[in-house]
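*Asks:* Sharing a structure, written as structure tokens. Questions coming.
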Amino acid sequence: KDPAITGHLSGQWLRAFARDQGLDLERSLAYGSTEADATLLSAIGRPCAVRPDRGLRTIARDLDWPVVEA
């Protein structure tokens, strides 16, 4: 079983995975709800914060990411 990839490594891992698989991250969507998801979301072209915690809400607001509260 693969280990969980979190924090600063998540964005780096995602970019390498996308490159290896031929994926276009600029056209990709990702959702997150905690500040720990911010690094991963920042590697995606279309990030979205869903019912975010305070930290992610602040980051989403600063970076003009969509925020879904429902």
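*Asks:* Pick the calculated mean projected area of the Cα convex hull in nm² for this structure from (i) 7.9; (ii) 5.1; (iii) 5.4?
*Replies:* (ii)
*Asks:* With a Förster radius of 25 Å, plug the Cβ-Cβ distance of ARG46 and ALA4 into 1/(1 + (r/R0)^6) and report the FRET value to the nearest 0.05. Intermediate values should be presented prior to the final figure.
*Replies:* Details: r = 23 Å, r/R0 = 0.94.
Efficiency computed from Cβ-Cβ geometry: 0.60.
*Asks:* Work out from phi, with θ = phi - 60° and the Karplus expression 6.51 cos²θ - 1.76 cosθ + 1.60, the ³J(HN,Hα) of each residue of segment 16-33, listed in order in whole Hz, and give x for Gly and Pro.
*Replies:* 5, 4, 4, 4, 5, 9, x, 8, 9, 5, 5, 9, 8, 10, 8, 10, x, 10
*Asks:* Identify which of LEU29, LEU41, LEU56 has the largest mean-square fluctuation in a Gaussian network model of the chain, with springs joining Cα atoms closer than 10 Å.
*Replies:* In this elastic network of the chain, the residue with the biggest mean-square fluctuation among LEU29, LEU41, LEU56 is LEU29.
*Asks:* Could you give the length gained on full extension between ASP64 and GLN21, defined as 0.36 nm per residue of separation minus the Cα-Cα distance, in nm? Before the final figure, lay out each step's value.
*Replies:* Numbers: separation 43, 0.36 × 43 = 15.48 nm, distance 2.83 nm.
The ASP64-GLN21 span can extend by a further 12.6 nm.
*Asks:* May I pose another question? Using a probe radius of 1.4 Å on heavy atoms only, what accessible surface per residue do you get for the chain? Whole Å² is fine. Walk me through the numbers before you get to the answer.
*Replies:* Numbers: 5140 Å² over 70 residues.
On a per-residue basis, 73 Å².
*Asks:* Over the chain, what relative contact order in percent results from Cα pairs under 8 Å that are six or more residues apart? List each step's numbers first, then the result.
*Replies:* On the way: 107 pairs, mean separation 18.6, N = 70.
Relative contact order for the chain comes out at 27 percent.
*Asks:* Distance in nm between label sites at ALA30 and ASP53, each 7 Å beyond Cα in the beta-carbon direction?
*Replies:* Those two pseudo-labels are separated by 1.7 nm.
*Asks:* Taking amide hydrogens as modeled 1.01 Å from N in the peptide plane, which residues meet the under 5 Å criterion relative to ARG46, leaving out close sequence neighbours?
*Replies:* So ARG46 has HN proximity to SER28, ALA30.
*Asks:* Continuing with this model, one more query. Step through the residues of segment 38-53 one at a time and calculate ³J(HN,Hα) from phi using the Karplus curve (6.51 cos²θ - 1.76 cosθ + 1.60, θ = phi - 60°), rounding each to whole Hz and writing x for Gly and Pro.
*Replies:* Rounded to whole hertz, the list is 4, 5, 4, 4, 5, 8, 9, x, 10, x, 8, 8, 10, 6, x, 6.
*Asks:* Search the structure for amide H atoms under 5 Å from the amide H of ASP53, placed 1.01 Å from N in the peptide plane, and list their residues when 5 or more places away or on another chain.
*Replies:* Here THR34, GLU35 satisfy the definition.
*Asks:* What 222 nm value per residue comes from the helices of the chain, counting each DSSP H run with n ≥ 4 as -39,500 (n - 2.57) and dividing by all residues, nearest 500 deg cm²/dmol?
*Replies:* Numbers: 3 runs with 29 residues, N = 70.
My calculation for the chain gives -12000 deg cm²/dmol from helical runs alone.
*Asks:* Something else about it: Give a residue-ordered list of calculated ³J(HN,Hα) values for segment 58-63 (Karplus: 6.51 cos²θ - 1.76 cosθ + 1.60, θ = phi - 60°; whole Hz; x for Gly, Pro).
*Replies:* 5, 4, 4, 5, 5, 9
*Asks:* Percent of accessible area on the chain owned by carbon and sulfur, 1.4 Å probe?
*Replies:* Heavy-atom surface of the chain belonging to carbon and sulfur, 1.4 Å probe: 51 percent.
The values are calculated or read from the model by the stated rules, or taken from the named source; none is laboratory data. Just so you know, these numbers come straight off a predicted model, no measurement behind them. All Cβ positions, glycine included, derive from the backbone under ideal geometry; neighbour counts span all protein chains shown. Areas reflect the complete protein model, heavy atoms only, side chains present, ligands, DNA and RNA absent. Shrake-Rupley method; radii C 1.70, N 1.55, O 1.52, S 1.80 Å.
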